[in-house]
Amino acid sequence: MLVPLQGHYSFWLGRLSMQWVPYDNPIIVGAFVFACSVGLAIVAGITRLGWWGYLWREWVTSLDHKKIGLMYMIMGAIMLFRGFVDAVMIRAQQAMAAGPHTAGFLDASHGYLPPFHFDQVYGSHGTIMILFAVTPMLIGMMNIIVPLQVGARDMAYPFLNSIGLYLTAVGAALVMLSLFLGEFSHAGWVGLTPLSELAYSPGVGVDYWLWALQISGIGTTIGSINIVATIVKMRAPGMTWGKLPIFSWTSLSMSTIGITAFPILTVVVSLLTLDRYVGTHFFTAGLGGDLMLYKNLFWMWGHPEVYFLILLPFGVVSEVIANFSHKQLFGFTTMVLATFAIAGVSWSVWLHHFFVMGQGPGVNTYFGIATMLVGIPTGVKLFNWIFTMCRGRLHFDPPMLWATGTLFLLPIGGLSGVILAMVPADYEMHNSVFVIAHFHNMVMVTVFAEFAAITYWFPKVFGFKLDPTIGKKVFWSWVVAAALVFIPMYGLGLMGMTRRLSYISRPELQPFLYVQEAGMFMFCVAAFYQFKQFYMSIRDRAKGVHLIGDGEVWSGERSVEWVAHSPVPFYNFAVTPYIHQRDEWAWRRAEGHVRAKPERYVDIEMPKNTAIPFLMAGATFVFGFAMVWRIWWLGAVSFAGIVALLVLRSFIDDTEYTVPAADVEKHEQQFFRHRDAHSPDLRPIEQAGRGVYL
Amino acid sequence: MAFDQTATPRLFEERTPDLIGNRTFGFWLYMLSDVIIYAALFAAFSVLHTHYAGGPTSQQVVEPLHGFIDSVLLFSSVWLLGLGMRSMAVGERAMLIAFMGLAAIVALGFVGFESYDFAHALGKGESPQRSGYLSIYFVLLGLHALHIFVGILWMLLMMVQVAFKGLTEPVVSRLLNLKIFWMFQSVIWVCVFVFVYLLGAVG
Amino acid sequence: MSQTENTLDHVEVQLGSVAAYTVGYVLSILLSGLAFGLVYTHALPRPVMFGALCGIAFALILLQMFLFLGLNLNPGHRWKTAATVFTLPILILMIVLTIWMFYTLQLRVMPH
Ligand code: HEM
Ligand SMILES: [Cu+2]
């Protein structure tokens, strides 16, 4: 059944051998030394502080949605950094290798990365950024905010929530491992067939890519199911659909895409895996395989996936703009409808990624027009935000800066998308860096919104703000950097530069590449400020910006999550709030219920910690590793381990514990004392009284 | 919702979670994602179903009679599990276990019969490696058979749990999920039967 | 367990009936038998056969959806029905658009 392989193979170690350790490549060795020293430093630090037990009890085994969300965010941030390093390498190579007379270093005839290595960096950049950086951060945000916004104590399935996190982490870990053991896919983040078939990629790179996508994709599907179920089933009393806040609406639409699109990824990845492992002919170049079927299936997932990335940011921007304009969101209903219109249309546009395949003009027209239609709901949203800001009391704190930034990025990226949706134009521009400029512009919207969300909700979760002065520096350096990198890219695309080039044959393009390089420098500055922002804010959390309140942090908050205390206690709400308005907090503030306390406290059921998700992650990682290296016995053992753990879990019945009402009360009293001692400045808000509510 | 400005508003209200409803809803969503998996495979099938690459054609590969026998077996298993669910609803654990056992045995017949077909085809050299058509043929049928096999194991697990734990809330919610799983497999089988077996035989 | 009774009172536990399952079962076998018979006896010319088989498949799916899965609008099932109804167009788009694009593709780039 199995395909014959080239090269060394043994029963116990599969394809693994010393030949796969890239000890002769100075860049990778450097990265390895760096990673090891950071890893060792962290381990040593934790051991010295004696934090292992704490980490195990409070984080690794926790089913608390806020902690899981935070772990998602942290993982996303680490991967964002890794993807950024890849980007720096790509840009440096292109800037160095423009024209036949450019010098070559380290085995490369031009620049410093030989083509095969460059292609791996390129492939990992895309894969990491989309699937392991931006996506986990979005899911982390939903994890933290959605239960709070619907007034729940946790997600619908806390256990699955943890599994979702760990599956994504396993995928990320496999990608990281590929750097030091073996290689990564050189077939781009889209895994171009037939290049990604065994005949043309005989190494393990594509296998790493496949298993990382497979495992994390399942994690994302599970996570999406959890969010939808939480929103449909766990809403607080009184919260009818009309009162569901906008961020939760966008989470719902994003997660519906997650549930419906990610299974297709599972399919396309499985079929390619079968091609590579058992020699079937789905996408091969002969014996009845169809290369174009791969593109079709991949983009059937891929396009909804890119809207998966943008819908939630729309929700963040809506929340932030309403907050910092001190106004109700303009056109709420149209906003929700537009969100779902985008999600719906995303099921009729995927062919725009391969207009040039050769299908008939009727088909292309259908998909081209459907693609352009997306511009309409997007435009509706843009106008709604502008009207929300219109005549508002605008405060440009960092979250608002990021949100306003997206208002500029969105039309540029959207319109360039509409240009690409015109079939004849796309025939010219397909696979040029114009496309890259388009989607980076769009993904920048996502990233900006993520930073908006982080700065906006940080005090909600931790009880103190990130330093706004440094925050503004982060923002402005990002803006400059993004402009320098991506605006020249549009020009380069129109001048005919194609994507995925490790060598650019036209020296006249070099000035543009240098401008981009300057942009990369600014990105480094931005990254520096970002680190500084976190470091300084956490170090100085006790000084000045420390805030513990009844939610209120920015003074314009509106939705339900602010009804919970800041920082949010582990049970979220001592007693579940009854929801009267979509902007419940704004309403409570206007009605003077800011400090209302429940008459009595009740026992609370909370999910118990469990080590099973973590153990399952371990088994899954071993499984992925075994499959990449084709170590069949290890694959079988680890798979059996996964199943055994699941069965074991189904026999454990007391998965919850009770927090007695008295304990809840004690906790709340303590909080109130703390608040009154530390945040007297919060009182005026209460006195603002009626009339503030718009 | 009209808010009465004069009365003191209700600001807090505890609610009791509906464990069963929550779990079956999530599982239903999961099954919908499973349906999408099949839909993607059927989309692939629609492209590959004529890609014989000089190998056997669909008329040579599929046996509509076997497909029909498979259908009868699967529908019977579904029916038996349905009866089991009725026994559960009235709290008859023994009957529930018996019906589940029967459903599992009949389903085992289904898997056995299909495996026999697979073995036969492989014996004739009709392997998934032969052509694009045979690749998708084996994957579609194989995935469905795998689901049925997993369902059988799940039934065994539930028989143990019903016997030892009784009809507790978690056990009942798992049983309901099992039912949803099984009935979805039946719906999917309809598509496999009609589009792979029957239309394959028509050509 | 004392909890058992309340558990079994849950609407979703009480969903479905012996009659519904049995009718669904018998009709499923009859309809699939009909489809099989049509194919086995080559009763219809090919295009008509194709239509007839699709029709039978459609009927079977609906039948099982209602009688086996109990798709309906009562409170226990409302959201499941809604989710299913929203998924259907996606399934259709996925398959029909694929058929369409590959049909026109084959005409142009893969002359047999
Ligand atoms: C108004 C909305 C949009 C339109 C009309 C649009 C249109 C297009 C078109 C036609 C292409 C294909 C270009 C080609 O390969 O020749 C494309 C590529 C792409 N778009 Fe968009 N797009 C829109 C929004 C977005 C959003 C919101 C995102 C992500 C957040 C996004 C991400 C991408 C990506 C990642 C690719 C290229 C993938 C690749 O080939 O590697 N787009 N877009
Ligand atoms: Cu697209």
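The values are calculated or read from the model by the stated rules, or taken from the named source; none is laboratory data. Worth saying up front: this structure is predicted, and the values here are computed from it rather than measured. Cβ: placed from backbone, ideal geometry, glycine included. Neighbour counts: every protein chain shown.
Here is how the numbers come out for the structure above:
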item: Residue count, region B:98-116 (criterion: buried (at least 19 other Cβ atoms within 10 Å of the Cβ) and touching a Gly at 6+ places or on another chain (Cβ under 9 Å)); result: 6
item: Helices (runs of 4 or more DSSP H) enclosed by region B:7-121 - at least 3 residues per element that are of a type in the set (A, V, I, L, M) and more than 11 Å from chain A (Cβ to nearest Cβ); result: B:64-89
item: Flag if residue A:176 is away from every other protein chain (no Cβ under 13 Å), surrounded by fewer than 24 Cβ atoms within 10 Å (Cβ to Cβ) and part of a helix (DSSP H, G or I); result: yes
item: Boolean, residue C:88 is more than 9 Å from every other protein chain (Cβ to nearest Cβ) and assigned to a helix (DSSP H, G or I); result: yes
item: Residues (touching a residue at least 40 places away in the same chain (Cβ under 8 Å) and at the interface with another protein chain (Cβ under 7 Å from one of its Cβ atoms)) located in region C:53-75; result: C:64, C:68
item: Residue among A:280, A:250, A:240, A:260 that alone is farther than 30 Å from residue A:1 by Cβ, surrounded by 24 or more Cβ atoms within 10 Å (Cβ to Cβ) and away from ligand 2 (no atom under 16 Å from the Cβ); result: A:250
item: Test: residue in region A:1-8 that is surrounded by 10 or more Cβ atoms within 10 Å (Cβ to Cβ), of a type outside the set (Lys, Arg) and assigned to a helix (DSSP H, G or I); result: no
item: Filtered residue count, region A:358-369, keeping only those that are surrounded by fewer than 19 Cβ atoms within 10 Å (Cβ to Cβ) and either assigned to a helix (DSSP H, G or I) or at positive phi (or both); result: 6
item: Residue in region A:569-582 that is within 30 Å of residue A:16 (Cβ to Cβ) and in contact with a strand residue (DSSP E or B) (Cβ under 7 Å, 6 or more places away or on another chain) present; result: no
item: Members of region A:351-397 found to be within 13 Å of ligand 1 (Cβ to nearest atom), over 20 Å from residue A:409 (Cα atoms) and β-branched (Val, Ile, Thr), listed by number; result: A:356, A:369
item: Some residue of region A:312-324 being at pLDDT 95 or above, part of a helix (DSSP H, G or I) and either out of contact with any helix residue (DSSP H, G or I) (no Cβ under 8 Å at 6 or more places or on another chain) or within 9 Å of ligand 1 (Cβ to nearest atom) (or both); result: yes
item: Hey, residue B:49 closer than 18 Å to residue B:190 by Cα, of a type outside the set (Val, Ile, Thr) and surrounded by fewer than 17 Cβ atoms within 10 Å (Cβ to Cβ) or not; result: no
item: Spans of helices (runs of 4 or more DSSP H) in region A:57-161 with at least 1 residues within 14 Å of another protein chain (Cβ to nearest Cβ) and surrounded by 22 or more Cβ atoms within 10 Å (Cβ to Cβ); result: A:135-149
item: Failed item in (1) out of contact with any strand residue (DSSP E or B) (no Cβ under 9 Å at 6 or more places or on another chain); (2) away from chain C (no Cβ under 14 Å); (3) more than 15 Å from ligand 2 (Cβ to nearest atom); (4) in contact (Cβ under 8 Å) with a residue 12 or more places away in the chain, with residue A:420 passing the rest; result: (3)
item: Tally, over region A:404-417, of residues that are of a type in the set (A, V, I, L, M, F, W, C), crowded, with 18+ Cβ neighbours inside 10 Å and within 16 Å of ligand 2 (Cβ to nearest atom); result: 1
item: Some residue of region A:252-262 being farther than 25 Å from residue B:46 by Cβ, out of contact with any strand residue (DSSP E or B) (no Cβ under 8 Å at 6 or more places or on another chain) and hydrophobic (A, V, I, L, M, F, W, C); result: yes
item: Odd one out for residue B:169 among (1) at pLDDT below 95; (2) buried (at least 23 other Cβ atoms within 10 Å of the Cβ); (3) within 10 Å of chain A (Cβ to nearest Cβ); result: (2)
item: Residue in region A:231-257 that is farthest from the other protein chains (Cβ to nearest Cβ), counting only those that are touching a Pro at 6+ places or on another chain (Cβ under 9 Å) and part of a helix (DSSP H, G or I); result: A:250
item: Some residue of region A:199-209 being surrounded by fewer than 24 Cβ atoms within 10 Å (Cβ to Cβ), within 14 Å of chain B (Cβ to nearest Cβ), hydrophobic (A, V, I, L, M, F, W, C) and in a helix (DSSP H, G or I); result: no
item: Qualifying residue in region A:317-326 (condition: away from ligand 2 (no atom under 14 Å from the Cβ) and closer than 16 Å to residue A:442 by Cα); result: yes
item: Some residue of region A:673-685 being at pLDDT 80 or above and part of a helix (DSSP H, G or I); result: yes
item: Selection count where residues are closer than 28 Å to residue B:39 by Cα, crowded, with 16+ Cβ neighbours inside 10 Å and free of Cβ contacts under 8 Å to residues at least 24 places away in the same chain, scope region B:130-166; result: 1
item: Qualifying position, being more than 15 Å from ligand 1 (Cβ to nearest atom), of a type in the set (D, E, K, R) and in contact (Cβ under 8 Å) with a residue 40 or more places away in the chain, among A:243, A:295; result: A:243
item: Hits in region A:553-605 (condition: in contact with a Ser or Thr (Cβ under 8 Å, 6 or more places away or on another chain) and either within 14 Å of residue A:457 (Cβ to Cβ) or in a loop (DSSP other than H, G, I, E, B) (or both)); result: A:553, A:556, A:582, A:583, A:585, A:603
item: Per-region count, region A:331-355, residues away from ligand 2 (no atom under 14 Å from the Cβ) and either outside any helix (DSSP H, G or I) or touching a residue at least 12 places away in the same chain (Cβ under 8 Å) (or both); result: 10
item: Any hit, region B:143-151, residues being within 14 Å of chain A (Cβ to nearest Cβ) and assigned to a loop (DSSP other than H, G, I, E, B); result: no
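Each row is one residue, and each column tells you yes or no for (1) closer than 25 Å to residue A:537 by Cα; (2) in contact (Cβ under 8 Å) with a residue 60 or more places away in the chain; (3) in a helix (DSSP H, G or I); (4) not assigned by the TED database to the domain that holds residue A:398.
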position	(1), (2), (3), (4)
A:449	yes, yes, yes, no
A:452	yes, yes, yes, no
A:456	yes, yes, yes, no
A:469	yes, no, yes, no
A:472	yes, yes, yes, no
A:480	yes, no, yes, no
A:490	no, yes, yes, no
A:500	no, yes, no, no
